[in-house]
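Accompanying notes for the structure given below.
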Amino acid sequence: MEIRAAALDILCFKVPSAKAQAVRDLYDLAQQGRTTLNEAQRFECPAELPGRPERPRLLSALQVPNRSPFTPEGRAALLHAIAHIEFNAINLALDAVWRFPDMPAAFYLDWLKVAAEEAFHFDLLHQHLQSSLGRSYGEFDAHDGLWTMAERTAGDVLARMALVPRTLEARGLDATPPLQAKLARAGDHKAVEILDIILRDEVGHVLIGNRWYRHCCQLQGLDPIAIYPDLVRRYEAPRLRAPFNLEAREAAGFSAEEIAYLQAWAQP
C-alpha cells in the first residue's frame, strides 16, 4: 500500500469513525514496514475535499455561539467543538501527506503519525460525548476555519507549515489549560484527562510543524522569524492573542527569540 495515495483515499472518507479507524490502520501498517512511499507522485485534487458527513452544519466562526461548560447542553456543545477540531486535524494531516511532493520521506511519516494521533483524540472525545452526555458528533453547528487555511495554503508547503501547525494548531497549546480549569470546575474530570492526552500529543505535532517549517525556510534561504509576518499577511491568518503557554511552546520547538517576537507582535 502506497502511503500518499492511501492518505488521499482516506481523506475522501465521509464517515468520521471510518476515517479515524482507517488512518490508525494505515499508520500501523507503516510502522510494520508494510507500506511503500512515492515522494515524487503528483495527484489530481478531487473536486470535494475533505470527505465529511452532512452534519455538523458549518457556519462562520462568528455565527457559532459561545459554549459554557457549566450546563450539560453547554458542555456537550463545547466537547463537540473540540471533537470537530480534532476531526479537522485528521483531515489537515492527511492533506499534508498527499498534497506536497518531493519532500523527505520523514515528512510523510511524521504527518501520518499526526493524523493517527488526531484520530485517537477524536475517538476519545466522541466516546466521552456519547457516554457522558448522550450526544454524538454532528448534533451541533461548527465552523471550518482550520480547513479554510488549508485551502489557502494548498500551493505552498512553507506557508502550510507556518500557518496551520505552528499558528492555528499552536493556539490549542495556549487555550487548553484554561479550558481544563473550566471543565474541572464543572466536574468533568474525564474531559480534563482527555485534554491532558491531547495537549501532550499536540506539543509533538507543533514540534513537527516547526521542524518542517524550518526545513522549508532553509531550502529557500529564508529567515523563519522574518518571513513569518509576511506569510500571515499574505494568507490572511489570524493574528495570535496573548497570553501564551510558554512551557508548551518551548517544548514544541519555539525558540526564545520566536517567543519574544510573538509576545511583542500578538494582540493582548
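The values are calculated or read from the model by the stated rules, or taken from the named source; none is laboratory data. All values reported here derive from a predicted model rather than from experimental measurement. Here Cβ is always computed from backbone atoms with ideal geometry, including for glycine, and neighbour counts include all displayed protein chains. Only protein heavy atoms, including side chains, enter the accessible area calculation; ligands, DNA and RNA are left aside. Shrake-Rupley method; radii C 1.70, N 1.55, O 1.52, S 1.80 Å.
Answer with yes or no whether Glu118 is among the charged types (D, E, K, R), part of a helix (DSSP H, G or I) and farther than 17 Å from Ile198 by Cβ.
So Glu118 fails the test.
Looking only at the range 11-33, which residues are open to solvent by less than 70 Å² (accessible area, probe 1.4 Å) and of a type in the set (Val, Ile, Thr)?
Of everything in the range 11-33, just one residue is open to solvent by less than 70 Å² (accessible area, probe 1.4 Å) and of a type in the set (Val, Ile, Thr), namely Val23.
What pairs can you find where one residue is in the range 227-238 and free of Cβ contacts under 8 Å to residues at least 60 places away in the same chain and more than 15 Å from Val157 (Cα to Cα), the other is assigned to a helix (DSSP H, G or I) and open to solvent by 40 Å² or more (accessible area, probe 1.4 Å), and their Cβ atoms are less than 9 Å apart, with a gap of 6+ or different chains?
Qualifying pairs under 9 Å: Pro229/Tyr261; Pro229/Trp265.
Could you please give the count of residues in the range 54-71 that are closer than 20 Å to His126 by Cβ, in contact (Cβ under 8 Å) with a residue 60 or more places away in the chain and surrounded by 13 or more Cβ atoms within 10 Å (Cβ to Cβ)?
Matching residues across the range 54-71 total 5.
Among the residues of the range 211-260, write down those that are of a type in the set (D, E, K, R), assigned to a loop (DSSP other than H, G, I, E, B) and closer than 14 Å to Thr167 by Cα.
Within the range 211-260, Glu236, Arg239 qualify.
Okay, residues lined up against (1) touching a Phe, Trp or Tyr at 6+ places or on another chain (Cβ under 7 Å); (2) among the hydrophobic types (A, V, I, L, M, F, W, C); (3) over 15 Å from Ala93 (Cα atoms):
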| site | (1), (2), (3) |
| --- | --- |
| Ile197 | no, yes, yes |
| Asp201 | no, no, no |
| Gly204 | no, no, no |
| Arg214 | no, no, yes |
| Leu219 | no, yes, yes |
| Ile227 | no, yes, yes |
| Ala237 | no, yes, yes |
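Need the failing condition index for Arg211 against (1) surrounded by 16 or more Cβ atoms within 10 Å (Cβ to Cβ); (2) under 26 Å from Arg52 (Cα atoms), just the number.
With (1) surrounded by 16 or more Cβ atoms within 10 Å (Cβ to Cβ); (2) under 26 Å from Arg52 (Cα atoms) applied to Arg211, the lone miss is (2).
Does any residue of the range 104-124 turn out to be among the aliphatic types (A, V, I, L, M), within 30 Å of Ala40 (Cβ to Cβ), open to solvent by 20 Å² or more (accessible area, probe 1.4 Å) and without any contact (Cβ under 8 Å) to a residue 40 or more places away in the chain?
Within the range 104-124 (the criterion being among the aliphatic types (A, V, I, L, M), within 30 Å of Ala40 (Cβ to Cβ), open to solvent by 20 Å² or more (accessible area, probe 1.4 Å) and without any contact (Cβ under 8 Å) to a residue 40 or more places away in the chain), the answer is yes, since at least one residue qualifies.
Quick one: which residue in Gly74, Gly51 is open to solvent by less than 50 Å² (accessible area, probe 1.4 Å), of a type in the set (Gly, Ala, Ser) and under 23 Å from Val192 (Cα atoms)?
Gly74
Taking Val206 as the residue in question, decide whether it is open to solvent by less than 90 Å² (accessible area, probe 1.4 Å), in a helix (DSSP H, G or I) and at pLDDT below 95.
In short, no.
Of the conditions (1) in contact with a strand residue (DSSP E or B) (Cβ under 8 Å, 6 or more places away or on another chain); (2) open to solvent by 20 Å² or more (accessible area, probe 1.4 Å), Ala142 clears all except one; give me its number.
Answer for Ala142: the failing condition is (2).
Name every residue in the range 136-188 that is modelled with pLDDT of 95 or more, assigned to a helix (DSSP H, G or I) and polar (S, T, N, Q), in order of residue number.
Listed by number, the residues that qualify are Thr176, Gln180.
Looking at (1) farther than 18 Å from Leu199 by Cα; (2) in a helix (DSSP H, G or I), can you tell me which one Lys113 breaks?
(1)
Within the range 46-78, can you find the residues that are part of a loop (DSSP other than H, G, I, E, B) and farther than 23 Å from Ser17 by Cα? Walk me through how you get there before you give the answer.
Taking the range 46-78 as the starting set, the residues that turn out to be part of a loop (DSSP other than H, G, I, E, B) are 46-57, 60, 64-71.
If the condition is that a residue be part of a loop (DSSP other than H, G, I, E, B) and farther than 23 Å from Ser17 by Cα, then Ser60, Val64, Pro65, Asn66, Arg67, Ser68, Pro69, Phe70, Thr71 are the ones that fit.
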